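Data first, discussion second: the structure below is written as structure tokens.
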Amino acid sequence: MRTTEAARYARWSAGIAALLVVIVACVYGARDWQSRQARKKVPAAVPATVEQRSAGFTFSKVIGDRTEFTVRASRATEFVDGGRSLLEDVWITAYGGAGERFDNLHTRSCDYLTASESISCAGDVQIDLDRPSDRRVTESPKQAKDSPHVEVATSHVSFDHKTGLATTDRPASFRFSQGEGQGVGFRYEAQQGEIQLLSSVELALHGADADEHARQLSQVLNLTGSSMTFERDRRLIHLLGPVHARQGNLDLACGKLDVELDEHMYARRLIATEQPELRSEGPSRVSLKAQTITAVASPTRIEAIIAEGGVQAVAQGANGEDQLQADRVGTDLYAVTNQPRLLVASGNVIARSNRAGTARKLETSMLRLDFAASEKGGPALLKHAVAPAGKVDFQDSAMLSGKPAQERMRLSAEHLEADFSGANELRELRGSDNVQFERQIGEAPLQTTASKQMVAQFAPDGGWSVVDQTGNVQLHQENQIAQAERAHFERSSDATLLQGLVTITDANSKTTARSAVFRQATSEFHATGRVATVEKSSGSSQFVNFAPGPGRVSGERLDANTATGRAVYSGNARLWQGDSIVEADAIELNRQTHTLLASGQVRAVFPQAAVSNRDSASPGKQPNKPEFWHAEGNRLIYQSDECRGRMEEKVRAHSEEGSMTAEAMDFFFAPTDNSASKGGKAAPKPAADPPNASGTGQQLIRASAFGSVIVEQQGRHGKATRADYTAADGKFVLSGGTPTVYDDSGNATQGRQLTFFFGDDSIDIDSVEGSRTLTLHQVEK
């Protein structure tokens, strides 16, 4: 055999041998593995401490024909000592009192103590709160998202199968479709289906779009509290305080908070009690306190806030502070911004505002506020307010006699409306039906008005600027009462304008005009258009004492001051009382000094005292016919207390008996029953006596003319620098200069003093040569 062939056979032999070795090894290895597996399947020897083991464990609490809960375990190990059993893969299922629940507690292992019949689970525990109907929900994404299923994760849970109570003092967390929370300490009531977190509770409730973008829009409602109870059957969460709830710019603090969930587990109502306070941060800080504060929510946002019982709301901003008190306040909110859209306050409503030194206070039974939409993070923008009936008080500063003084106003009506500017400043206030308006500056007289309608305009600084009242306007100021169809108040000019059938009445007189203006700070009063004043018949005259009856004054314009008692009638002014008349361009009356001043084309008519000897009267006179003196000039001053008048500047006085012209003339009056009317000079009345206190009329008893005096009577003329006329005896006394009496026939008489009578042709001459009497008579040619 060749050497090469021998080598080939040797290699084949070695390969076959190696293969046989590998096959034998695999066979032995397989048999060894099978042997080990068989040994594993052999039950382990029971330790000496274990009494027995079972492949399953089941326990149910049955009352009557219903099962409240069932405890199941895949394996149970009962130990010899201590009455303890180890349950593995434990499930506790609670069905509720009527089988309406399917709540499951699951953990890997628990200890069952026979003596106390309690189960203690040291590891992690998962609790699922469910219902049989919920378990049949199809697993679509929408249905899974809205499922009311609740999951709880905790550890070291003890379960008392007598009472169905599961507890732990370890941290616990829970989750449901629209929220999650956590706390320390946990209780589960199998019979009631309630879960409780015992301390350090934190809870987050999501909206319908609770994704990352929604979180940026602050749609998550975050809650914290000291403890929490979740009644799943009622979908109600109870939080005990101190409780804090926050969503967006809204922050709520209270002692107790109840959160109601809808069927999809979204928060639909939050009810805060035990001194709740709601705050809103932003450009305007808002605080709301009440006995109960309720937030009404939708799946996407908080829609409304309702406060009840002793409601107090405060809003503070850069411009000032606003306050609201009421029995109930309901507020609807704008979406996203959480700013108010509509606010309705009812029951003992009091609203206060203090801005830039201007204070306002509204009292009403109900108040409705409408807000404009604003940007997120911006202030709430009030645009309209309505109150069915109420009163508004204003306090502001004003000027009185050039000095700052406090101004007080009050407005009341059966219906109030207001409009506001973009900066939440009151722009216009309207009132209707039984409108009452009061205004007072400092210690000035109080001014009140009543009307059917009113519109008040306000300046940007918060103070009022213009007030208009219409419909049977009635104004009261001190003892004055004014009526008109319209009233217009201007703050800048301190003017109150009355228009349309204006009537002003005080204790002594009544004035009518087409329009009138009052200035409260200065007590000024102006009337225009057919002004007429009539004194009341009762009491003594406040104008003049010409006659016992009421005095009357008219003109186109009246300017008066109620504080000084001064009144000026101008434009065809006319005063008459009894038979006495004064006409002029202007007539000024002063009630304090009882003075009359007429100026500009003055015309006056005065009754004259009767001549004592009527037999000597001028021929042709009727014995009982009254006599009047007519006086004209450019200025007349009459002193009622002195019963004396003085006319100046081109004066002319005349009667049926004669006339006088002079530069100035004094008239003296006396009551008709005064002895002076029968002769002699009139004694002035004491200044302390009221004018015309005797109740009788005044008559002219004497007149004195001064400067370039000319007397005319039935063809006779007298000249002097002074003339004195006495009505009792109808005589003139000329004196001063060179008194001269002449007639149309050329007869003339001169003397130091000449006295001639209207009743006859005699003249008494007083000269250096003595006294004598001269009779002038005209000789026919």
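The values are calculated or read from the model by the stated rules, or taken from the named source; none is laboratory data. It should be emphasised that the depicted structure is a prediction, and the values quoted were computed from it without experimental measurement. Positions of Cβ are backbone-derived with ideal geometry, glycine not excepted, and every protein chain shown enters the neighbour counts. To get the accessible areas, we keep the full protein, side chains included, count just its heavy atoms, and leave off ligands, DNA and RNA. Shrake-Rupley method; radii C 1.70, N 1.55, O 1.52, S 1.80 Å.
Within the range 250-267, residues that are without any contact (Cβ under 8 Å) to a residue 24 or more places away in the chain have Cβ atoms under 9 Å from residues that are polar (S, T, N, Q) and open to solvent by 10 Å² or more (accessible area, probe 1.4 Å) in these pairs: Gly255/Thr273; Gly255/Gln275; Lys256/Thr273; Asp258/Thr273, counting only partners at least 6 apart in sequence or on another chain. Number of residues in the range 523-545 that are part of a loop (DSSP other than H, G, I, E, B) and either modelled with pLDDT of 80 or more or among the small types (Gly, Ala, Ser) (or both) equals 6. The residue pairs whose first member lies in the range 326-339 and is more than 27 Å from Gly390 (Cβ to Cβ) and outside any strand (DSSP E or B), whose second member is among the hydroxyl-bearing types (Ser, Thr, Tyr) and open to solvent by 50 Å² or more (accessible area, probe 1.4 Å), and whose beta carbons are closer than 8 Å, counting only pairs six or more residues apart or on different chains, are Ala335/Thr300.
Residue pairs whose Cβ atoms lie under 8 Å apart, separated by 6 or more positions or on different chains, with the first residue in the range 362-374 and touching a residue at least 12 places away in the same chain (Cβ under 8 Å) and of a type outside the set (Val, Ile, Thr) and the second open to solvent by less than 30 Å² (accessible area, probe 1.4 Å) and not in a strand (DSSP E or B), are Phe371/Gln339; Phe371/Ala380; Ala373/Thr337; Ala373/Gln339; Ser374/Thr337; Ser374/Gln339; Ser374/Ala380.
When only residues in the range 346-370 that are in contact with a Lys or Arg (Cβ under 7 Å, 6 or more places away or on another chain), among the small types (Gly, Ala, Ser) and farther than 21 Å from Ala318 by Cα count, which is surrounded by the fewest Cβ atoms within 10 Å (Cβ to Cβ)? This residue is Gly347. Condition test on Ala38, is it outside any helix (DSSP H, G or I), at pLDDT below 70 and either in contact with a Phe, Trp or Tyr (Cβ under 6 Å, 6 or more places away or on another chain) or of a type in the set (A, V, I, L, M, F, W, C) (or both)? In short, no. Going by the structure shown, is Val336 closer than 20 Å to Gln247 by Cα and surrounded by fewer than 16 Cβ atoms within 10 Å (Cβ to Cβ)? So Val336 passes the test. Within the range 302-324, residues that are more than 30 Å from Gly463 (Cβ to Cβ) reach partners that are open to solvent by less than 50 Å² (accessible area, probe 1.4 Å) and not in a strand (DSSP E or B) with beta carbons closer than 7 Å, at six or more positions or on different chains, in the pairs Ile302/Asn338; Ala307/Ala290; Glu308/Ala290; Gly309/Ala290; Gly310/Ala290.
Please find, within the range 584-641, the residue that is modelled with the highest pLDDT out of those that are open to solvent by 70 Å² or more (accessible area, probe 1.4 Å) and in contact with a helix residue (DSSP H, G or I) (Cβ under 8 Å, 6 or more places away or on another chain). Among them, the one singled out is Ser612.
When the range 288-341 is filtered for residues that are modelled with pLDDT of 90 or more, hydroxyl-bearing (Ser, Thr, Tyr) and in contact with a Ser or Thr (Cβ under 8 Å, 6 or more places away or on another chain), only Thr292 remains. Looking only at residues of the range 546-571 that are surrounded by fewer than 19 Cβ atoms within 10 Å (Cβ to Cβ) and farther than 27 Å from Gln447 by Cα, we find that the one that is modelled with the highest pLDDT is Gly571.
Taking the range 300-325, which residues are open to solvent by less than 50 Å² (accessible area, probe 1.4 Å) and at negative phi? Across the range 300-325, the qualifying residues are Ile302, Ala304, Ile305, Ile306, Ala307, Val311, Ala313, Val314, Ala315, Gly317, Asp322, Leu324. The criterion of at least 2 residues that are touching a helix residue (DSSP H, G or I) at 6+ places or on another chain (Cβ under 8 Å) and surrounded by fewer than 16 Cβ atoms within 10 Å (Cβ to Cβ) is met by none of the strands (runs of 3 or more DSSP E) falling completely within the range 371-485.
Is it the case that the range 81-97 has a residue that's at pLDDT below 75, under 60 Å from the mean Cα position of the chain (by Cα) and outside any strand (DSSP E or B)? Yes, there is a match, as at least one residue in the range 81-97 is at pLDDT below 75, under 60 Å from the mean Cα position of the chain (by Cα) and outside any strand (DSSP E or B). Within the range 486-503, the set of residues being hydroxyl-bearing (Ser, Thr, Tyr), open to solvent by 20 Å² or more (accessible area, probe 1.4 Å) and part of a strand (DSSP E or B) comprises Thr503 only. Of all positions in the range 300-311, none carries a residue that is touching a Phe, Trp or Tyr at 6+ places or on another chain (Cβ under 8 Å), assigned to a loop (DSSP other than H, G, I, E, B) and farther than 21 Å from Ala385 by Cα.
Among residues of the range 195-209 that are open to solvent by less than 30 Å² (accessible area, probe 1.4 Å), those with a Cβ under 6 angstrom from a residue that is part of a strand (DSSP E or B) and among the hydrophobic types (A, V, I, L, M, F, W, C), sequence gap 6+ or separate chain, pair up as Ile195/Phe230; Leu197/Met228; Val201/Met228; Leu203/Leu223; Leu205/Leu221; Leu205/Ala267. The single condition among (1) at pLDDT 85 or above; (2) in a strand (DSSP E or B) that Phe518 does not satisfy is (1). Checked against (1) more than 25 Å from Ala653 (Cα to Cα); (2) of a type in the set (D, E, K, R); (3) open to solvent by 40 Å² or more (accessible area, probe 1.4 Å), Arg574 meets all criteria but (1). Only a single item in (1) buried (at least 19 other Cβ atoms within 10 Å of the Cβ); (2) at pLDDT 90 or above; (3) on the phi > 0 side of the Ramachandran plot is not met by Met265, and it is number (2).
Among the criteria (1) at pLDDT below 85; (2) assigned to a strand (DSSP E or B), the one Cys26 does not fulfil is (2). Just so you know, in the range 45-76 the residues that are at pLDDT below 85 and open to solvent by less than 40 Å² (accessible area, probe 1.4 Å) include one that is farthest from Tyr188 (Cα to Cα), and it is Val50. All conditions but one from (1) open to solvent by 30 Å² or more (accessible area, probe 1.4 Å); (2) modelled with pLDDT of 90 or more; (3) more than 31 Å from the chain's Cα centre (by Cα) apply to Asn508; the one that does not is (2). For the range 398-420, the set of residues classified as closer than 15 Å to Phe458 by Cα and over 15 Å from the mean Cα position of the chain (by Cα) consists of Ala398, Glu407, listed by residue number. Among the residues of the range 272-297, just one is in a strand (DSSP E or B) and over 21 Å from Leu324 (Cβ atoms), namely Ala297. Based on what the data block shows, is Phe159 at pLDDT 85 or above, crowded, with 17+ Cβ neighbours inside 10 Å, farther than 26 Å from Cys254 by Cα and not hydroxyl-bearing (Ser, Thr, Tyr)? In short, yes.
Residue pairs whose Cβ atoms lie under 7 Å apart, separated by 6 or more positions or on different chains, with the first residue in the range 660-676 and modelled with pLDDT of 80 or more and the second among the polar types (S, T, N, Q) and crowded, with 21+ Cβ neighbours inside 10 Å, are Phe669/Gln698; Phe669/Gln699; Ala670/Ser677; Ala670/Gln698; Ala670/Gln699; Pro671/Gln698.
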